[in-house]
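Structure record follows, encoded as structure tokens.
The values are calculated or read from the model by the stated rules, or taken from the named source; none is laboratory data. All values derive from a computational prediction rather than experimental measurement. So basically every Cβ, Gly included, is an ideal-geometry build from the backbone, and we count neighbours across all protein chains shown. Ligands, DNA and RNA are excluded from the accessible area calculation, which covers all protein heavy atoms including side chains. Shrake-Rupley method; radii C 1.70, N 1.55, O 1.52, S 1.80 Å.
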Amino acid sequence: MAQGGSYRLLTAAEVADWLKVSEITIKNKYRGWGLKPQKVGRLLRFRERDVVAYLDRRYG
């Protein structure tokens, strides 16, 4: 695993569960939060390391 998280792809539901918000909140606010999605077909996926980096930036 690379420093700051892995390259594993997470679903919006997994990110929502991790951040303790709803899946709809993730889908509506990921751009404003600076999370870069990976499109898999029509589905959104988020790299674990990007979520970790967001949490580090936001909460230090």
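May I ask you to say which residue of Leu55, Leu35, Leu10, Leu44 is under 10 Å from the mean Cα position of the chain (by Cα) and part of a loop (DSSP other than H, G, I, E, B)? Of Leu55, Leu35, Leu10, Leu44, the one residue that is under 10 Å from the mean Cα position of the chain (by Cα) and part of a loop (DSSP other than H, G, I, E, B) is Leu35.
Condition first: within 18 Å of Arg57 (Cβ to Cβ) and open to solvent by less than 100 Å² (accessible area, probe 1.4 Å). Now tell me which residues in region 8-24 satisfy that. The answer is Leu10, Val15, Leu19, Val21.
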